[in-house]
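To start, the structure itself, in structure tokens.
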Amino acid sequence: MPRASTQNARPALRRLPTRPNRMVQAVVSRLLPLLFRSQGLEIHQGNAAEDLAKAFAAQQSGGCNLLIAFRHPSTRDPVVLADLFWSRVPKAARRLKLPLPRPIQLRFLYDRGIPIWAGQVIGWLLQRSGGIAIHRGRLDRPALAQARAALSRGRYPLVVAPEGATNNLSGEMAPLEPGVAQLAFWAAEDLERANDERPLEVLPIGIHYSWRHPNWIALQARLASLECHLGIPYPDAGPDNPETTSRDRLIQIGMKLLKALEQLERLKPDPAQTFSERIDAYRRHGLAKAETHFGLRAVGNLQERCRRIEQAAWDRIYREGVDQLPPLERSLADWEAREADLELTRMRLVEHFTSVSGHYISDRPDFDRFAEMLLLVEEAIGWIEDKPWKGQPSLGPQRVEVQLGRALPVRPRLNQYRSNRREAMQVFMQDLEQALIALMPDASRAMTKDAGEL
């Protein structure tokens with residue numbers, strides 16, 4: 001995510017309406033295969049398109065309402081899913097002779113901040129593809145009401161990413177946000193109040209990226225480039241084992257990065273602390289400084305805390321009536337906006353360094369995990385230096401595997417929800433988490449070790 005350099009307060013962010021357009025959808029669906037070919041991305045869907053075709057046929061015939069929850073390891077997930085929903089599922093339906101009375105259209109939640117850093121064109125496309133913009137760092141009642149109504153009416157499936165944001169790791173899942181459970185139970189209550197007997201189902205979708213041809217030579221070359229850039233001596237020749245040498249070199253690069261960030265924050269680590277403990281200490285420190293600046297409480301997991309910091313910064317950068325302020329007050333607003341941008345940058349640094357850890361590549365030392373961690377480190381360095389890191393040579397083309405999991409019914413859980421809402425939502429999220437983990441290649445170690453309270 002590129003850094004925005006804010007010098008002045010700006011007018012308040014307006015709400016982005018949902019403006020679905022079938023023509024835009026048709027044009028995008030035709031362009032996506034060209035995009036995938038240009039990127040060398042090979043898509044494997046297994047039976048996902050056929051199973052989704054059956055689900056959409058049932059939904060369009062009034063047999064059920066659908067909430068689709070997908071793993072979100074990459075910023076490419078939306079285009080992969082768009083190709084699946086708009087192109088592959090209709091083809092599968094025709095192949096299976098399943099009736100789809102109308103073209104597949106969806107409603108999906110996306111972060112209101114995406115058009116800020118990705119650009120107005122992306123924002124325009126999201127609106128016209130059925131997107132519902134939501135401020136994730138606060139209780140965005142209008143967006144939640146729109147999503148709830150879409151799910152209750154059932155004309156369009158609602159698509160959400162329970163992780164809330166990408167973590168750039170296909171083999172490890174971030175903690176799930178409870179909003180998906182709340183939306184599901186709200187919609188189930190709405191259906192019951194309306195005497196609507198349609199079942200409400202949550203469909204989990206797994207997305208996993210890997211490299212089609214592991215290129216250890218390219219990986220080693222890019223590690224050497226990072227080592228040179230960071231002033232790390234070229235490692236002595238060790239055992240002829242790329243897994244071992246790559247792991248050790250990546251951990252050393254990560255340690256060098258961590259030392260630089262500790263120096264920036266004036267942190268003095270305990271020599272007895274492990275690498276993971278030092279990363280955790282850095283995260284706590286960075287978030288606590290930003291929260292103190294904005295007067296926020298340090299509650300929740302890392303993702304929740306980052307979203308609140310982001311929203312607090314936006315509230316100071318994007319203001320109602322800023323153009324009508326007297327000169328002195330406008331200058332103070334500009335000053336506060338610059339300070340907010342600095343704290344937002346601090347939070348982004350914590351976010352970029354969140355997934356840089358030793359356990360991910362030690363638990364399962366293979367090319368895909370090394371390559372993912374390499375890209376994360378390169379991205380973190382690019383963020384710190386305020387210019388994209390140009391990693392060369394290419395690691396090669398990738399593949400993406402999409403899998404559909406077992407549907408989770410919601411309405412049978414309503415009695416438990418009425419008697420104990422917190423417990424019902426917790427159980428539902430645990431079931432959804434397990435369903436998504438089951439769709440990952442290494443399900444036994446899929447959950448992040450940073451899933452607890454920070």
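Estimate the FRET efficiency between Gln324 and Leu375 by the formula 1/(1 + (r/R0)^6), using the beta-carbon distance for r and 41 Å for R0, to the nearest 0.05. Could the numbers behind the result be given before it?
On the way: r = 45 Å, r/R0 = 1.10.
Calculated value: 0.35.
Suppose each label sits 7 Å from its Cα in the direction of the beta carbon; what would the Lys97-His44 distance come out to in nanometres?
3.1 nm
Can you give me the C-alpha center-to-center distance between segment 418-432 and segment 1-55, rounded to a whole angstrom?
31 Å
Label segment 336-439 by shape, choosing from rounded, prolate and oblate, from the square roots a ≥ b ≥ c of the eigenvalues of the Cα gyration tensor; if a/c is under 1.5 it is rounded, and otherwise prolate applies when a/b is larger than b/c, oblate when it is not.
oblate
Give me Arg319, Arg136, Arg212 sorted ascending by neighbouring Cβ count inside 10 Å, so fewest comes first. Don't skip to the end; give the middle numbers.
On the way: Arg319 19, Arg136 22, Arg212 12.
The order, fewest Cβ neighbours first, is Arg212, Arg319, Arg136.
Where Lys and Arg each count +1 and Asp and Glu each count -1, what net charge lies around Glu433 among other residues with Cβ under 12 Å from its Cβ? List each step's numbers first, then the result.
Numbers: positive: Arg71; negative: Glu163, Glu177, Asp431.
Summing Lys and Arg as +1 and Asp and Glu as -1 gives -2.
Can you tally the net charge around Ala57? Count Lys and Arg as +1, Asp and Glu as -1, for every other residue whose Cβ sits under 13 Å from the Cβ of Ala57.
Details: positive: Lys54, Arg94, Arg95, Lys97, Arg102; negative: Glu50, Asp51.
Charge balance near Ala57 sits at +3.
Semi-axes of the equivalent ellipsoid of segment 1-138: what are they in whole Å, largest first, if each equals the square root of 5 times a C-alpha gyration tensor eigenvalue?
Working: eigenvalues 186, 65, 35 Å².
Ellipsoid half-lengths, sorted descending, are 31, 18, 13 Å.
Long-range amide H contacts for Arg319: which residues qualify at under 5 Å (H placed 1.01 Å from N, peptide plane, sequence gap of 5 or more or a different chain)?
Amide H to amide H, under 5 Å and 5 or more residues apart or across chains, Arg319 pairs with Arg10, Ala12.
How much FRET efficiency would the formula 1/(1 + (r/R0)^6) give for Met23 and Phe275, where r is the Cβ-Cβ distance and R0 is 35 Å, rounded to 0.05?
Values: r = 52 Å, r/R0 = 1.48.
About 0.10, to the nearest 0.05.
Pop a pseudo-label 7 angstrom from the Cα along the beta-carbon direction at both Ala118 and Ala224 and give the gap in nm to one decimal.
Output for this residue pair reads 3.7 nm.
Could you let me know the centre-to-centre spacing of segment 295-364 and segment 57-126, using Cα atoms, in angstrom?
Taking the Cα centre of each part, segment 295-364 and segment 57-126 sit 30 Å apart.
Across segment 320-331, in residue order, what do the Karplus-derived ³J(HN,Hα) couplings come to in whole Hz, using 6.51 cos²θ - 1.76 cosθ + 1.60 with θ = phi - 60° and x for Gly and Pro?
5, x, 5, 6, 9, 6, x, x, 5, 5, 5, 5
Need one number: nm distance between label points at Lys289 and Asp248, each 7 Å from Cα along Cα→Cβ, rounded to one decimal.
It works out to 3.4 nm between the two label points.
From the backbone phi of segment 209-214, what are the Karplus-calculated ³J(HN,Hα) couplings (6.51 cos²θ - 1.76 cosθ + 1.60, θ = phi - 60°) in whole Hz, Gly and Pro given as x?
9, 8, 8, 5, 9, x
Report the rotationally averaged projected area of segment 216-385 based on its alpha-carbon convex hull, in square nanometres. Mind showing how you got there, number by number?
Details: hull surface 49.5 nm².
The Cα convex hull of segment 216-385, projected and averaged over all directions, gives 12.4 nm².
Please list, ordered by chain and number, the residues whose modelled amide H lies under 5 Å from the amide H of Ile43; skip anything fewer than 5 residues away on the same chain.
Val400
So for segment 125-225, Kirkwood radius off the Cα pairs, Stokes-Einstein at 25 °C and 0.890 mPa s: how many µm² s⁻¹?
After rounding, the answer is 147 µm²/s.
Mind sorting Arg266, Arg30 by how few other Cβ atoms lie within 10 Å of their own Cβ, fewest first?
On the way: Arg266 7, Arg30 11.
Listed from fewest to most nearby Cβ atoms, that is Arg266, Arg30.
From the phi angles alone, apply the Karplus equation (6.51, -1.76, 1.60; θ = phi - 60°) to segment 104-112 and give each ³J(HN,Hα) in whole Hz, x where the residue is Gly or Pro.
My calculation for segment 104-112 gives 6, 10, 10, 10, 9, 8, 9, 5, 4 Hz in order.
Find the percent of Cα-Cα distances in segment 306-368 that exceed 18 Å, and round it to a whole number.
Values: 1039 of 1953 pairs.
Within segment 306-368, distances greater than 18 Å cover 53 percent of Cα pairs.
Projected area of the chain, taken from the Cα convex hull and averaged over every viewing direction, in nm²? Don't skip to the end; give the middle numbers.
Values: hull surface 96.1 nm².
Computed as one quarter of the Cα hull surface, the answer is 24.0 nm².
Fewest to most neighbouring Cβ within 10 Å: what's the order for Cys64, Cys306?
With the sparsest Cβ surroundings first, the list reads Cys64, Cys306.
For a quick check: with amide H placed at 1.01 Å from N, whose amide H comes under 5 Å from Leu200's, ignoring anything fewer than 5 positions away on the same chain?
Hits under the 5 Å cutoff: Asn65, Val410, Arg411.
Here, each number is a calculation from the coordinates, and none is a lab measurement. All values reported here derive from a predicted model rather than from experimental measurement. Heads up, the Cβs are rebuilt from the backbone with ideal geometry, glycines too, and the neighbour counts pull from every protein chain shown.
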